[in-house]
Amino acid sequence: MTVRSIIRSCGAYLPDRIMTNRDLEDVVDTSDEWIVQRTGIRERRIAAENETTADMAIAAAKAALAHGRFTAADIDGIIVCTSTPNHTFPAVAVDVQAALDIRPCPAFDLQAVCSGFVYGLNVADMFIRSGQCRRLLLIGAEKFSSILDWTDRTTCVLFGDGAGAVVLEVDESGDGSLNDRGILFSRLYADGRQKNILYTSGGPATTQDSGYVVMEGREVFRHAVSNMSQIVTEVLEVNKLSADRIDWLVPHQANVRIIEGTAKKLGLGMDRVIVTVDRHGNTSAASIPLALNEAVQDGRIKPGNLVLFEALGAGLTWGAVLARF
Ligand code: COA
């Protein structure tokens, strides 16, 4: 018998407002052609002024509960992966807990920026395998539009808002092999030497505001391509797995060129890669659960499929998780 955590259900929320590349041409000196060619992004969702990260997290969590026919009483842990919380404290996770009337249980935010959801899968898996939680809500939610400098064309065209959520549940039917359902393998990294290539210009203990996203795009791109190639290779090698066993790659959605590079390294055709960056932009910790939700709801990802998640974000942080549905 092996204790595993299985992704039982998922849900998502996207704000109503669509901002196209053409709309951005009125905001900064850019063009639809430049953005599509360099990033693959065509449009992104932007939250309403009074719509918060917690609002989006709650909506995604409700959808994930409904999808799995769970009620609030089934949940005994909440992790929200976000870098754009409503407040410095308390955590968005307790907003979710209060709104859904979930009983006292571990509830906290996890901040690993765009790697947040991959970090969150690993942490949630440890909570479940250690016996501390049986059914845990894991949410990625971001309102990046509120920390963008809307005069900086090198960053404001890249990001969007949204939230995605999953319910992870304990399962004891596994035999410890890669044929088990559930989270099979996780690997996380950070390298603080690269902290100055992607950061916010402020924070509570410095400028006393949240600051804006600042990025050396070319450097981040270089690290993303190399670190993602390295980590997917590592996942395959450690698990003695050939790439053709992987049914779906669900990558962080920052730039379609980074995604294509990783798929190529794996030898996976793009028909086995879930891509939403064209419609969502980079929603940071929300991007993977948003992509996952789309592919589960439209039937591409099915029970039994082997799925590889990977992401890189500020820090730099990066990681990958292998899971069977
Ligand atoms: N519209 C038009 N031109 C733009 C522009 C925009 N939105 N943003 C930058 N440019 C210009 C630059 O000013 C530069 O002009 P110059 O040559 O006259 O100086 C030129 O385009 C090339 O800029 P550069 O930054 O070298 O472009 P790039 O090919 O590296 O593409 C990114 C820029 C941001 C798309 C790319 O570097 C990238 O995707 N990086 C990774 C970003 C990422 O994934 N971040 C999140 C990680 S979680």
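Just so it is clear, none of the values below were taken in a lab; they were calculated from the coordinates. All values derive from a computational prediction rather than experimental measurement. Virtual Cβ from ideal backbone geometry, glycine too; neighbours counted across all protein chains shown.
Of Ala107, Ala98, Ala112, Ala124, all but one fail to be surrounded by 24 or more Cβ atoms within 10 Å (Cβ to Cβ) and away from the ligand (no atom under 16 Å from the Cβ); the exception is Ala124. Considering segment 131-155, the residues that are of a type outside the set (D, E, K, R), surrounded by fewer than 22 Cβ atoms within 10 Å (Cβ to Cβ) and more than 19 Å from the chain's Cα centre (by Cα) include one that is nearest to the ligand (Cβ to nearest atom), namely Thr154. Within segment 251-287, if we keep just the residues that are within 11 Å of the ligand (Cβ to nearest atom) and in a loop (DSSP other than H, G, I, E, B), the residue that is farthest from Ala314 (Cα to Cα) turns out to be Gly281.
Per-residue answers, yes or no, for (1) of a type in the set (Phe, Trp, Tyr); (2) touching a helix residue (DSSP H, G or I) at 6+ places or on another chain (Cβ under 8 Å); (3) buried (at least 17 other Cβ atoms within 10 Å of the Cβ); (4) assigned to a loop (DSSP other than H, G, I, E, B):
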site	(1), (2), (3), (4)
Gly176	no, no, no, yes
Lys195	no, no, no, no
Arg218	no, no, no, no
Asn227	no, no, yes, no
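Scanning segment 35-74 for residues that are crowded, with 21+ Cβ neighbours inside 10 Å, touching a strand residue (DSSP E or B) at 6+ places or on another chain (Cβ under 6 Å) and assigned to a loop (DSSP other than H, G, I, E, B) yields one hit, Ala47. Scanning segment 238-250 for residues that are touching a residue at least 12 places away in the same chain (Cβ under 8 Å) and not in a helix (DSSP H, G or I) yields Asn239, Leu241, Ile246, Asp247, Trp248, Leu249, Val250. Filter segment 296-325 down to the residues that are buried (at least 21 other Cβ atoms within 10 Å of the Cβ) and part of a helix (DSSP H, G or I) and list them by number. Answer for segment 296-325, where residues must be buried (at least 21 other Cβ atoms within 10 Å of the Cβ) and part of a helix (DSSP H, G or I): just Val296. Is it true that Val157 is among the β-branched types (Val, Ile, Thr), in contact (Cβ under 8 Å) with a residue 12 or more places away in the chain, farther than 20 Å from Ala66 by Cβ and touching a helix residue (DSSP H, G or I) at 6+ places or on another chain (Cβ under 6 Å)? Answer is yes for this residue.
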